[in-house]
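Contents: one structure, followed by commentary.
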Amino acid sequence: MTDLSQYKIIKRKELLELVSMSKSSLYNHVAENRFPKPIKLAKRSVGWLTSDIQEWFEQKKGESLEEL
């Protein structure tokens, strides 16, 4: 059986709380390719793969350690 946990999708409201970012900052980061792009779920609904967000956190963690 395939592990589907990597395909869990979170919606924008939950994501904003998770990353402590405003909606405008989030979309600015997406536009500048500094944050994973959302996945279109429906006409007016998007979400992000938790695996993409986890990779972003790991990248940010690595950048923070390099600055020390």
Mean separation of Cα pairs under 8 Å and 6+ residues apart, divided by the residue count of the chain: what relative contact order is that in percent? 36 percent
Hey, if you put +1 on the Cβ of every Lys and Arg and -1 on every Asp and Glu Cβ in the chain, which of 33, 45, 10 ends up farthest toward the positive end of that dipole? 45
Taking every other residue with Cβ under 14 Å from the Cβ of residue 58 and scoring Lys and Arg +1, Asp and Glu -1, one gets -2
Please give me, ordered by residue number, the GluC sites (Glu not before Pro) of segment 1-33 that lie in loop per DSSP and have at most 13 other Cβ atoms within 10 Å. 32
Accessible area in the full protein assembly, largest first, 1.4 Å probe, for 4, 15, 49: 4, 49, 15
Strictly over 18 Å apart at the Cα level, which of 8/61; 11/43; 11/37; 8/60; 13/61 would you flag in this model? 8/61; 8/60; 13/61
Need one value: the accessible area of residue 39 in square angstrom, 1.4 angstrom probe, rounded to the nearest 10. 60 Å²
For the residue pair residue 25 and residue 54, what label-to-label distance in nm results when each label sits 7 Å from Cα along the Cα-to-beta-carbon direction? 2.4 nm
At 1.4 Å probe radius, can you tell me the per residue accessible area of the chain in Å²? 80 Å²
Taking amide H atoms as placed 1.01 Å from N in the peptide plane, list the residues 5 or more away in sequence, or in a different chain, whose amide H sits under 5 Å from that of residue 21. none
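The values are calculated or read from the model by the stated rules, or taken from the named source; none is laboratory data. On a predicted model such as this, the values are computed, not experimentally measured, just so you know. When we count neighbours, we look across all protein chains shown, and the Cβ atoms used for this are built from the backbone with ideal geometry, even at glycine. Each accessible area value is taken on the protein alone, full model and side chains, heavy atoms only, with ligands, DNA and RNA left out. Shrake-Rupley method; radii C 1.70, N 1.55, O 1.52, S 1.80 Å.
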